[in-house]
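Structure first, commentary second.
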Amino acid sequence: ECFELSSNFVTITRSAVDGGNISLENGDFSIDICVNDGNPDVLTFVNTTSSPEAYVFIVTDENDIILNANDTGVFDFESAGSGICRVWGLSASGNLTIPSGANLTEINLSSFCFELSENFVTINRKEVNGGEVSFEDGSDFAFACVNDGVPDPFTVVTTATIGFTFNYTYVITDDQNNIIAFNDLGLIDFEGAGVGRCRIWGLSFTGVVTAQVGENAAEVPLTSDCYALSSNFITIERSDVNGGGVGLSNGG
């Protein structure tokens, strides 16, 4: 019999968000990296979302405070400093609201639907800093008169903050970077070293020193974990003098 539709209709837009799981490209959920060693620390993250909605990767500290975010899943942590951070996934529709400094778990991350990943990836950032080395007066070159019976001590200092998150030692090499000795104190006496030219480097590291005397510092791993050499070296020019003995031609 009689019927009539309404003069309008109501539209329902259905969004299906899915945070899924995230991991590193190799499937791992945690990783240790060495930051501030001069080498890029680029990590790529992937997700298992089934949603066609936008997907964003969010970096937080271990208290879930937002530090960074992007939709590529690629981050370089080289200059991040030491500490622990987390990387989350976010599936969302509407306008994203991801302000740095806010707590990830305490704000609306989108103006519409959103869902965080079921897990996060943990990044353990170990910091090393080789700094610069010099003598106490700021110079980086000196002569040493060896084998003259007079001690030839030199005090070396570094701009690195020793003992903060890493250990520090000084590496003495020849001018071809072959290791001659290690010195933890920075007070080095060259009196018995003989003639030649040597270099003093600073070495910031975690773990333990594994390089051996005689190995080339530029060709072998120097420690069991993270390390960074100083950005410069000190040069020591060692000269040998020998007064010998004098006598007359007849031996007198």
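Amide H of Asp189 versus every other amide H placed in the peptide plane: which residues, excluding those fewer than 5 positions away on the same chain, fall under 5 Å?
Phe154
Report the Cys residues of the chain lacking a disulfide-compatible partner, meaning no second Cys Cβ under 4.7 Å from their Cβ.
Among the cysteines of the chain, those whose Cβ sits 4.7 Å or more from every other are Cys2, Cys85, Cys113, Cys145, Cys198.
Would you indicate which of (i) 21.7; (ii) 17.2; (iii) 16.2 is the value of mean projected area of the Cα convex hull in nm² derived from the coordinates of this structure?
Answer label, from the structure shown: (i).
For region 84-100, take each phi angle, set θ = phi - 60°, evaluate the Karplus expression 6.51 cos²θ - 1.76 cosθ + 1.60, and give the result in whole Hz per residue in order, putting x for glycine and proline.
In residue order, the calculated couplings are 10, 10, 10, 10, 10, x, 9, 9, 7, 10, x, 8, 6, 9, 10, x, 4 Hz.
For Leu187, project a label point 7 Å along Cα to C-beta. Then give me every residue of region 140-161 with its amide nitrogen under 17 Å of that point.
151-158
Name the GluC sites (Glu not before Pro) in region 161-244 that are in a loop by DSSP and that have at most 11 other C-beta atoms within 10 Å, would you?
Of the GluC sites (Glu not before Pro), the ones in loops of region 161-244 whose Cβ has at most 11 other Cβ atoms within 10 Å are Glu219.
Within 11 Å, Cβ to Cβ, of Asp18, how many net charges do the neighbouring residues add up to if Lys/Arg are +1 and Asp/Glu are -1?
Computed value for this residue: -3.
What ³J(HN,Hα) values, in whole Hz, does the Karplus curve 6.51 cos²θ - 1.76 cosθ + 1.60 give for region 57-70 when θ = phi - 60°, with x put for Gly and Pro?
Per-residue couplings from phi come out as 9, 10, 9, 10, 7, 6, 9, 6, 7, 5, 10, 6, 7, 7 Hz.
Provide the per-residue ³J(HN,Hα) series for region 117-122, in order, calculated from phi with Karplus coefficients 6.51, -1.76, 1.60 and θ = phi - 60°, each as a whole number of Hz, with x at glycine and proline positions.
After applying 6.51 cos²θ - 1.76 cosθ + 1.60, I find 4, 6, 9, 9, 9, 9 Hz.
Any read-out appearing in this document is the output of simple, stated calculations on the displayed coordinates, not a laboratory observation. Being a predicted model, the structure only gives us computed values, none of them experimental. When we count neighbours, we look across all protein chains shown, and the Cβ atoms used for this are built from the backbone with ideal geometry, even at glycine.
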